[in-house]
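S.K.: One structure follows; several queries about it will come next.
The values are calculated or read from the model by the stated rules, or taken from the named source; none is laboratory data. It should be emphasised that the depicted structure is a prediction, and the values quoted were computed from it without experimental measurement. Quick reminder, even Gly has a Cβ in these numbers, built from the backbone with ideal geometry, and neighbours come from all protein chains shown. These accessible areas exclude ligands, DNA and RNA; they are computed on the full protein's heavy atoms, side chains included. Shrake-Rupley method; radii C 1.70, N 1.55, O 1.52, S 1.80 Å.
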Amino acid sequence: MTQLLKEIPATDPLSIAEQKLIIDAAITENKDRPGAVMLVLNEVQGKIGHVSPPMQVYIAHKLNVPLGQVHGVVTFYSFFKTKPRGKHTIKFCLGTACYVAGVPQLIEKAKQMLNVEMGETTPDGQITLEECRCVGACSQAPVVVVDEEVQGRLKPNKFPQVLKKVQKPS
């Protein structure tokens, strides 16, 4: 496992001193508590925004648990992300009503306009495209959630307006 920690990318939180301190603090705080793996992962995800594969190796090593246990938790719960997310997220509801009402066309329009696939982030780190399950706004189908704002009855030709809102310089 220590061999896996020898080639950590320079952009990984483990290579950034202040972020590594956050990871180490989460481990130190929780290592002797029941459910330490979940507690550490949850805290790291909350403070850093994702749990990269090298971070998973490091956490497993420091908690003295099998890597498979850490990786299993990260991949089981949809809350955990293994890559950094953009400043903004656009989630496309894949519930039945939204799917039938045209969310696949919205997804294609977004992929075309941003030149990224679902689950990816634009190269400038601004926008991440994600899929989600029913958001409970079926009467507004098709629905996308931009950051935390639900936008319904959206058509592909109106999608550029959605992007303008999140692409404004901040």
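S.K.: Would segment 1-78 count as rounded, prolate or oblate if I go by the C-alpha gyration tensor, calling it rounded below 1.5 in a/c and otherwise prolate when a/b exceeds b/c, oblate otherwise?
M.R.: rounded
S.K.: For segment 82-167, what ratio Rg/Rh do Cα atoms give with a Kirkwood hydrodynamic radius?
M.R.: Reported Rg/Rh, Kirkwood definition of Rh: 0.93.
S.K.: Cβ under 13 Å from Gly119's Cβ, Gly119 left aside: what net charge do those residues give with Lys, Arg +1 and Asp, Glu -1?
M.R.: Neighbour charge sum, excluding Gly119 itself: +1.
S.K.: First compute the accessible area of the chain with a 1.4 Å probe, then give the percent of it belonging to carbon and sulfur atoms.
M.R.: Heavy-atom surface of the chain belonging to carbon and sulfur, 1.4 Å probe: 53 percent.
S.K.: For segment 50-134, state which chymotrypsin sites (Phe, Trp or Tyr not before Pro) are in a DSSP loop and have at most 12 other beta carbons lying within 10 Å of their beta carbon.
M.R.: Sparse-neighbourhood loop chymotrypsin sites (Phe, Trp or Tyr not before Pro): Tyr77, Phe79.
S.K.: Further question on the same structure: Given 0.36 nm per residue, what is the gain on full extension from Cys132 to Gln112 after removing their alpha carbon distance, in nm?
M.R.: 5.3 nm
S.K.: Where both residues lie in segment 86-157, what percent of DSSP beta bridges are antiparallel, nearest 5?
M.R.: That works out to approximately 55 percent antiparallel.
S.K.: Any idea how far the Cα center of segment 139-159 sits from the one of segment 1-59, in Å?
M.R.: With segment 139-159 and segment 1-59 each reduced to a Cα centre, they are spaced 35 Å.
S.K.: Continuing with the same structure: Please give the helix 36-48 orientation as an angle from the longest Cα principal axis of the chain, in degrees from 0 to 90, rounded to the nearest 10.
M.R.: With rounding to tens, the tilt is 50 degrees.
S.K.: Compute the relative contact order of segment 6-128 as a whole-number percentage, counting only Cα pairs closer than 8 Å that sit 6 or more residues apart in sequence.
M.R.: 19 percent
S.K.: How much net charge surrounds Leu106 when only other residues with a Cβ under 14 Å from its Cβ are counted (Lys, Arg +1; Asp, Glu -1)?
M.R.: After counting each charged neighbour, the total is +3.
S.K.: Give the accessible surface of segment 24-73 per residue, rounded to a whole number of Å², with probe radius 1.4 Å and ligands, DNA and RNA excluded.
M.R.: I get 47 Å² per residue for segment 24-73.
S.K.: List the pairs from Lys31/Lys81; Lys47/Lys91; Lys31/Lys91 whose alpha-carbon separation is above 30 Å, in the order I gave them.
M.R.: As for pairs spanning more than 30 Å Cα to Cα, those are Lys31/Lys91.
S.K.: Roughly what % antiparallel, to the nearest 5, for the DSSP beta bridges in the chain?
M.R.: 55 percent
S.K.: Restricting attention to segment 6-87, which GluC sites (Glu not before Pro) occupy a DSSP loop and are surrounded by at most 12 other Cβ atoms within 10 Å?
M.R.: Qualifying residues, ordered by number: Glu7.
S.K.: For segment 57-135, state which trypsin sites (Lys or Arg not before Pro) are in a DSSP loop and have at most 11 other beta carbons lying within 10 Å of their beta carbon.
M.R.: Arg133
S.K.: Label point 7 Å out from Lys165 along Cα-to-Cβ: which residues of segment 105-145 have amide N under 12 Å?
M.R.: Backbone N within reach: 144-145.
S.K.: For the chain, what mean projected area does the convex hull of the alpha carbons give, in nm²?
M.R.: Hull-based average projected area comes out at 11.2 nm².
S.K.: Quote to one decimal, in nm, the extra length available between Glu148 and Met38 on full extension: 0.36 nm per residue of separation minus the C-alpha distance between them.
M.R.: 37.1 nm
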